[in-house]
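The values are calculated or read from the model by the stated rules, or taken from the named source; none is laboratory data. Owing to the predicted nature of the structure, the values given are computational and were not obtained by experimental measurement. Positions of Cβ are generated from backbone atoms using ideal geometry, with glycine treated the same way; all protein chains shown enter the neighbour counts.
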Amino acid sequence: TENTLAQPVGTTLDRYIMRKQAEFGFATGELSQLLRDLALAGKIVHRDVNRAGLSSIIGSMGQHNVQGEQQQRLDVEANIRFIRTLTNGGEACAILSEEEDDLIQTGNVQGKYVVAMDPLDGSSNIDVNVSIGTIFSIYRRVSAVGGPATRADFLQGGRAQVAAGYILYGSSTMLVYTTGHGVAGFTYENSLGEFFLSHPRITIPATGPVFSCNEGHWFDYPQYVRDFLLQCKQQRMSGRYVGSLVADYHRNLFTGGIYLYPPTAKNAAGKLRLLYENFPLAFLIEQAGGRAETGEGPVLDLEPVDFHQRSPLFIGSPELVARLLSETA
Ligand code: AHG
Ligand code: MN
Ligand code: MN
Ligand code: MN
């Protein structure tokens, strides 16, 4: 790991994006602008989240989304914030969101990118003031510029992502992303209203002390998962589970560890959604030196067929994921 103190201090996200644009020669700066727009929406949601207890945005909306889940007010609020910001920004021609049945055409027919997202991850933690997040995944469209986006734009597969990341609204708000050249993390400075580069090159430890899963589902887990978890306990590893994927993932990225959302008897594909939860986090973990598997192969090799399809997720330190897979043999 490198000495972060040796890094230049005071690099804003905007400046970092510009620098990388020059380094990797993104042709036109449109992806850079899109990343800045996502960060802007993230700041707005950060503000909403931080005063949620004072305004009327906690609690349930009293309606269900396409997932069959009760929508929380902040799910709906965050969804609107991101859609509006990306629509005004102009670079995304369409958005796929956890909270919407179908893709949203932004009307930016000249936009070259599409964004799949989980606007607010960890909804069950909103009302109890526990960390929540946002996850995003970006593709370059395959449909013709000048017309509407198509389903195919979103079903290119995880390896076609050009950028992905997440925002964690935690004890600090952080934005962590990759464009396929490593992973960088930025911490939000409230009083200045800027994200600053705080973690220039994030890599996950090869192994680590943490396993994260919902042990309430123990009796529904496949035998190989239970065998693996028993091993973790025999080795006196720590169990840590926030219940917000972004928060659990972020912790394990830094401490080393493994996050599991296994298939269950009732849900053969688990709970997490491939396009806007598993694909982006899998892309990012591979860029950080980690692994993401479904139990039947790498997450990124899974062929997507449906916008809201689910898939099992085993993600984190490479040695731990490898050990889990050895139990499937
Ligand atoms: P979301 O809030 O975006 O619907 O995602 C919820 C997900 C994820 O954040 C979390 O890891 C998982 O649901 C928790 O599920 P369990 O309650 O089954 O543990
Ligand atoms: Mn949800
Ligand atoms: Mn989620
Ligand atoms: Mn969500």
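Overview of values
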read-out	value
Residue list for the stretch 50-102, restricted to those being among the acidic types (D, E) and either without any contact (Cβ under 8 Å) to a residue 24 or more places away in the chain or more than 16 Å from ligand 4 (Cβ to nearest atom) (or both)	E91, D102
Given (1) more than 11 Å from ligand 2 (Cβ to nearest atom); (2) surrounded by 14 or more Cβ atoms within 10 Å (Cβ to Cβ), number of the condition N129 does not satisfy	(2)
Residue count for the stretch 84-109, restricted to those that are small (G, A, S) and in contact with a Leu (Cβ under 7 Å, 6 or more places away or on another chain)	3
Test result for G147, out of contact with any His (no Cβ under 7 Å at 6 or more places or on another chain) and surrounded by fewer than 23 Cβ atoms within 10 Å (Cβ to Cβ)	yes
Filter result (on the phi > 0 side of the Ramachandran plot and within 16 Å of ligand 1 (Cβ to nearest atom)) within the stretch 106-138	G122, N129
Unique match (being at pLDDT 95 or above, under 16 Å from V225 (Cα atoms) and part of a helix (DSSP H, G or I)) among L260, L281, L325	L325
For I135: the one exception among (1) under 15 Å from the mean Cα position of the chain (by Cα); (2) among the hydrophobic types (A, V, I, L, M, F, W, C); (3) more than 16 Å from ligand 2 (Cβ to nearest atom)	(3)
One residue from V130, V76, V49 being in contact with an Asp or Glu (Cβ under 7 Å, 6 or more places away or on another chain), within 16 Å of ligand 3 (Cβ to nearest atom) and aliphatic (A, V, I, L, M)	V76
Close pairs (7 angstrom Cβ cut-off, 6 or more residues apart or separate chains): touching a residue at least 40 places away in the same chain (Cβ under 8 Å) in the stretch 225-248, aliphatic (A, V, I, L, M) and more than 16 Å from ligand 4 (Cβ to nearest atom) anywhere	V225/L260; F228/L324
Some residue of the stretch 296-314 being of a type in the set (S, T, N, Q), over 17 Å from the mean Cα position of the chain (by Cα) and surrounded by fewer than 20 Cβ atoms within 10 Å (Cβ to Cβ)	no
Whichever residue in the stretch 248-273 is of a type in the set (A, V, I, L, M) and out of contact with any Phe, Trp or Tyr (no Cβ under 9 Å at 6 or more places or on another chain) and, among such residues, is nearest to V176 (Cα to Cα)	L253
Set G68, G89, G122, G157: member being crowded, with 18+ Cβ neighbours inside 10 Å and closer than 23 Å to A269 by Cα	G122
Filtered residue count, the stretch 129-143, keeping only those that are among the polar types (S, T, N, Q) and assigned to a strand (DSSP E or B)	2
F228 being touching a helix residue (DSSP H, G or I) at 6+ places or on another chain (Cβ under 7 Å), among the hydrophobic types (A, V, I, L, M, F, W, C) and away from ligand 4 (no atom under 16 Å from the Cβ)	yes
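Here is a yes/no grid of residues against (1) among the charged types (D, E, K, R); (2) within 20 Å of the chain's Cα centre (by Cα); (3) within 16 Å of ligand 3 (Cβ to nearest atom):
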position	(1), (2), (3)
N88	no, no, no
T106	no, no, no
A149	no, no, no
Y169	no, yes, yes
T178	no, yes, no
